[in-house]
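Step one of this worksheet: look at the structure below.
The values are calculated or read from the model by the stated rules, or taken from the named source; none is laboratory data. A quick note: this is a predicted structure, and the numbers were derived from the prediction, not measured. Glycine gets a Cβ as well: all are built from the backbone with ideal geometry, and neighbour counts include every protein chain shown.
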Amino acid sequence: MQKTSTPEDDRSSYATDSNASVASNSSEYRKSGARSVRPRIISLDVIRGIAVSSILLVNAPSILEVDAYTAPGHPVFVRHLLDIFVQERFFPIFSFLFGISFAIVLVGAMERSTRPRLVLFRRLLALALLGAVHQFLQPGEALLPYGLCGLVLLLPLSWVPRRMASWICAVVGAVLLLGALLLSGGGLTLVPGLIVLGYSVGLTDLIRRAETATKTNSIVLLVAAVVSVIGLVLSENNVEMRADTRFSAGLGLVMAIGYCSLVLLLLKTPIRPVLRSVFAPLGRMALTNYVSATVVIILAAPLFRAVGVGPASESGWWLLVLGCVVIIALQSVISAFWLRAFLYGPLEYLWRAVTWWKKPAFVRRDPIAK
């Protein structure tokens, strides 16, 4: 979704320049006040929108405390499907994209500010504080860990010389991710490694190259699909393997890679306009949609319980999934209309204001633009 370039444009889905170019030119940008103009990377918006939508399907049952088992060891079929295709499959994508966004915002801060790390510190601190508040509504949410990981890991790593940063961060991220898999078995402990890996990718042109690498994406999808099918078959037929959180988390990472490759390939097909129309607005307002979905689920809890959501039953779980789909559809429509009139979502605007410590432009000059 293209938007008018202004000094206050959201940079979280824009491509970065090469490391050498940014390193050599950032001081000149600040002196002249000029800024490089980079088109939005639509695939990032779409993938982020799909991820934030899918995460709702995982979070809603925990918020509503829905029973998942009709008897010990016998999960409700719908819940079992979510465990196979959604659980631990999309939060890695969301975490990885956060790291990419940090790299892109860092480039913007280096161009615009003489104290770019202070800009990033405010941004991460604001996210952590929002996450701390959100924890009261949804214990185990992602914003607080993202903010803390950014402060503890990404901010210090931003001082690594840019010519070496992508490789060093890739190694650090891989070590953190592998350590989390082996020592803790996944969950939120995967977040630091995924964020750092995303940051390392965001410092390169791999994002742009991935958009056009149809052959590579096809190979990655094929390999991920084969590994995923084998993993799922083993998991379904082996109780010990199914209970192994390390195996489940590793399989989730493989499926996450496969999902991303699939989306990139689908964006090269005639359904690209549909994916862009439905999910890009959700992705551009991911922060607002993530938090507001929690609020909507809590407010709608009496309605969900009135129609039978709560006790372990197939009908209750199907109604819950249907309710989540309705919420996602409404968020998509509202986000699309909102972004025709405004540059950012409500929380994105406040986050940006704190980041740059000034009031950014909010209303579009071209309100009919899509």
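The set of residues in segment 170-210 being buried (at least 16 other Cβ atoms within 10 Å of the Cβ), over 16 Å from Cys149 (Cβ atoms) and at pLDDT below 90 consists of Gly185, Ile207.
Against the test of being more than 28 Å from Ala293 (Cβ to Cβ) and either touching a residue at least 12 places away in the same chain (Cβ under 8 Å) or not hydrophobic (A, V, I, L, M, F, W, C) (or both), the options Leu157, Leu124 yield a single qualifying residue, Leu157.
Only one entry in Pro302, Pro346 is closer than 29 Å to Leu129 by Cα, surrounded by fewer than 16 Cβ atoms within 10 Å (Cβ to Cβ) and touching a Ser or Thr at 6+ places or on another chain (Cβ under 9 Å), namely Pro346. Only one entry in Trp357, Trp317 is over 21 Å from the mean Cα position of the chain (by Cα) and surrounded by 20 or more Cβ atoms within 10 Å (Cβ to Cβ), namely Trp317. Going by the conditions given, is Val107 outside the structural domain of Gly193 (by TED's automatic domain parsing), buried (at least 21 other Cβ atoms within 10 Å of the Cβ) and touching a strand residue (DSSP E or B) at 6+ places or on another chain (Cβ under 9 Å)? No.
Annotation note: Cβ proximity below 8 Å between a residue of segment 342-360 that is under 21 Å from Gly283 (Cβ atoms) and without any contact (Cβ under 8 Å) to a residue 40 or more places away in the chain and a residue that is aromatic (Phe, Trp, Tyr) and part of a helix (DSSP H, G or I) (sequence gap 6+ or interchain) occurs for Phe342/Tyr349.
For the residues Ser95, Ser54, Ser101, Ser62, the requirement of being of a type in the set (Ser, Thr, Tyr), in contact (Cβ under 8 Å) with a residue 12 or more places away in the chain and closer than 20 Å to Ala329 by Cβ singles out Ser54. Scanning segment 213-240 for residues that are within 16 Å of Gly258 (Cα to Cα) and either touching a strand residue (DSSP E or B) at 6+ places or on another chain (Cβ under 8 Å) or of a type in the set (Val, Ile, Thr) (or both) gives Thr214, Thr216, Ile219, Val220, Val223, Val226, Val227, Val229, Ile230.
What number of residues within segment 175-206 are over 23 Å from Ser43 (Cβ atoms) and aliphatic (A, V, I, L, M)? Final tally of qualifying residues: 8.
So that you can scan it fast, the table gives a plain yes or no per residue for (1) acidic (Asp, Glu); (2) within 22 Å of Ile298 (Cα to Cα); (3) in contact with a Lys or Arg (Cβ under 6 Å, 6 or more places away or on another chain):
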{"site": "Gly49", "(1), (2), (3)": "no, yes, no"}
{"site": "Leu56", "(1), (2), (3)": "no, yes, no"}
{"site": "Ser62", "(1), (2), (3)": "no, yes, no"}
{"site": "Glu65", "(1), (2), (3)": "yes, yes, no"}
{"site": "Ala68", "(1), (2), (3)": "no, yes, yes"}
{"site": "Ile84", "(1), (2), (3)": "no, no, no"}
{"site": "Arg89", "(1), (2), (3)": "no, no, no"}
{"site": "Pro92", "(1), (2), (3)": "no, no, no"}
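Looking at Pro270, Pro302, just one residue is without any contact (Cβ under 8 Å) to a residue 60 or more places away in the chain and in a loop (DSSP other than H, G, I, E, B), and that residue is Pro270.
A count restricted to segment 320-337 and to residues that are in contact (Cβ under 8 Å) with a residue 12 or more places away in the chain and either out of contact with any Phe, Trp or Tyr (no Cβ under 9 Å at 6 or more places or on another chain) or not assigned by TED's automatic domain parsing to the domain that holds Leu287 (or both) stands at 7.
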